[in-house]
Amino acid sequence: MPTVTALEIKPGKKQRVRLFLDHEFALELPMIQAARLHRGQDLSGAEVQGLIDECALVNACDKAIGLLSRRQRSCEEIRRHLVKAGFADAVITAAIEKLRDQQFVDDCVFARFWIENRDAFKPMSSRAIAHELYQKGVDRDVFEPLLKDIDAEDSAYRASQKQMWRYRGKARLEFRSKLNAMLRRRGFDFDTISLVISRIERELDEAQPDFFAGENET
């Protein structure tokens with residue numbers, strides 16, 4: 001039965017404690033785990049394995065929370081990152097469950113965040129957003145109800161408003177081609193694109209008669 005012979009604090013951003021069993025380094029533990037140990041304490045094989053498993057779970061959760069500190073993520077995104085980091089499947093599953101229980105991750109919340117972010121900063125069609133969420137591992141049953149309120153024409157119009165000034169001074173046909181290509185990349189259908197481009201051209205003709213190259217020249 002191994003005996004705890006030393007507990008050495010390792011300074012750092014996240015303090016860890018180096019555990020020595022029978023005078024040999026065994027593993028690094030989070031402070032909260034190490035607080036339950038003391039020198040001279042005998043540990044069974046099962047207790048040592050329990051420390052290893054608990055440490056792995058804490059490390060996986062810490063890794064996931066670090067990712068979540070930058071932006072919200074789906075459960076599947078967290079899983080993929082933890083797999084890449086080398087955590088075992090059982091540890092990953094336990095970590096995600098713990099994060100769910102503590103409300104750090106929630107695919108419905110994530111899907112709503114993603115849709116609202118796209119709507120505010122990069123308007124896209126509901127089909128394009130659905131594809132992105134599906135790629136991030138969110139179930140269709142979760143995100144499809146959230147996409148029903150998206151107005152395709154309004155989204156395409158706002159997307160065009162953000163981009164059209166880049167094409168100022170170009171010929172009308174080139175303007176149409178570039179705006180059409182951008183909207184197609186955002187997932188909008190032919191009818192929506194046609195309506196929006198016609199609307200924008202009418203507005204530009206009224207407010208910016210010199211917007212297109214070669215027109216209204218004296």
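The values are calculated or read from the model by the stated rules, or taken from the named source; none is laboratory data. Source: prediction; values computed, not measured. In this analysis, Cβ positions are derived from the backbone assuming ideal geometry, glycine residues included, and neighbour counts consider all displayed protein chains.
Condition (residue is loosely packed, with under 13 Cβ neighbours inside 10 Å, touching a Pro at 6+ places or on another chain (Cβ under 6 Å) and not in a helix (DSSP H, G or I)) applied to the range 207-217: is it met by at least one residue?
yes
Return the residue satisfying two criteria in turn: it lies in the range 1-42 and is in a loop (DSSP other than H, G, I, E, B) and under 24 Å from Ala95 (Cβ atoms), and of such residues it is farthest from the chain's Cα centre (by Cα).
Going through the range 1-42, the residues in a loop (DSSP other than H, G, I, E, B) turn out to be 1-2, 11-15, 22-23, 35-41.
With under 24 Å from Ala95 (Cβ atoms) added as a condition, the list becomes 12-15, 35-37.
On the way: Gly12: 28, Lys13: 25, Lys14: 24, Gln15: 28, Ala35: 35, Arg36: 36, Leu37: 38 Å.
Residue satisfying both the conditions and the ranking: Leu37.
Please pick out the residue among Lys98, Lys84 that is outside the structural domain of Lys136 (by TED's automatic domain parsing), surrounded by fewer than 16 Cβ atoms within 10 Å (Cβ to Cβ) and modelled with pLDDT of 95 or more.
Selected residue: Lys84, the only one of Lys98, Lys84 that is outside the structural domain of Lys136 (by TED's automatic domain parsing), surrounded by fewer than 16 Cβ atoms within 10 Å (Cβ to Cβ) and modelled with pLDDT of 95 or more.
Residues to consider are Glu54, Glu76; find the one that is modelled with pLDDT of 95 or more, of a type in the set (Asp, Glu) and surrounded by 14 or more Cβ atoms within 10 Å (Cβ to Cβ).
Glu76
For the range 182-209: of the residues being without any contact (Cβ under 8 Å) to a residue 60 or more places away in the chain and of a type in the set (Lys, Arg), which is farthest from Ala152 (Cα to Cα)? If you could, list the steps in order and put the result at the bottom.
Here is the first cut: in the range 182-209, the ones without any contact (Cβ under 8 Å) to a residue 60 or more places away in the chain are 182-185, 190-191, 193-209.
With of a type in the set (Lys, Arg) added as a condition, the list becomes 184-185, 199, 202.
Values: Arg184: 12, Arg185: 14, Arg199: 14, Arg202: 19 Å.
Step by step, filter the range 182-209, then rank; the result is Arg202.
Criterion first (of a type outside the set (A, V, I, L, M, F, W, C), free of Cβ contacts under 8 Å to residues at least 12 places away in the same chain and more than 30 Å from Trp114 (Cβ to Cβ)) does Glu28 satisfy it?
Criteria not met by Glu28.
Do we find a residue being under 30 Å from Gln135 (Cα atoms), of a type in the set (Asp, Glu) and under 29 Å from the mean Cα position of the chain (by Cα) anywhere in the range 52-74?
The answer is yes; a qualifying residue exists.
Could you list, in sequence order, all residues of the range 133-160 that are closer than 26 Å to Arg79 by Cβ, part of a helix (DSSP H, G or I) and either free of Cβ contacts under 8 Å to residues at least 12 places away in the same chain or in contact with a Lys or Arg (Cβ under 8 Å, 6 or more places away or on another chain) (or both)?
Tyr134, Gln135, Arg140, Asp141, Pro145, Leu146
Working only within the range 181-197, note down all residues that are out of contact with any helix residue (DSSP H, G or I) (no Cβ under 8 Å at 6 or more places or on another chain), hydrophobic (A, V, I, L, M, F, W, C) and closer than 18 Å to Arg166 by Cβ.
Passing the criteria: only Ala181.
Test of understanding: among Arg166, Arg184, Arg127, Arg202, which residue is part of a helix (DSSP H, G or I) and within 17 Å of Ala111 (Cα to Cα)?
Arg127
Any residue in the range 170-181 that is within 18 Å of Tyr157 (Cβ to Cβ) and free of Cβ contacts under 8 Å to residues at least 60 places away in the same chain sitting within a Cβ distance under 9 Å of a residue that is hydroxyl-bearing (Ser, Thr, Tyr) and surrounded by 13 or more Cβ atoms within 10 Å (Cβ to Cβ)? List the pairs, counting only those 6 or more apart or interchain.
These pairs meet every condition: Phe175/Tyr167; Lys178/Tyr167; Leu179/Ser160; Leu179/Tyr167; Asn180/Ser194.
For the range 63-77, which residues satisfy the criterion of being touching a Gly at 6+ places or on another chain (Cβ under 9 Å) and not small (Gly, Ala, Ser)?
Listed by number, the residues that qualify are Cys75, Glu76, Glu77.
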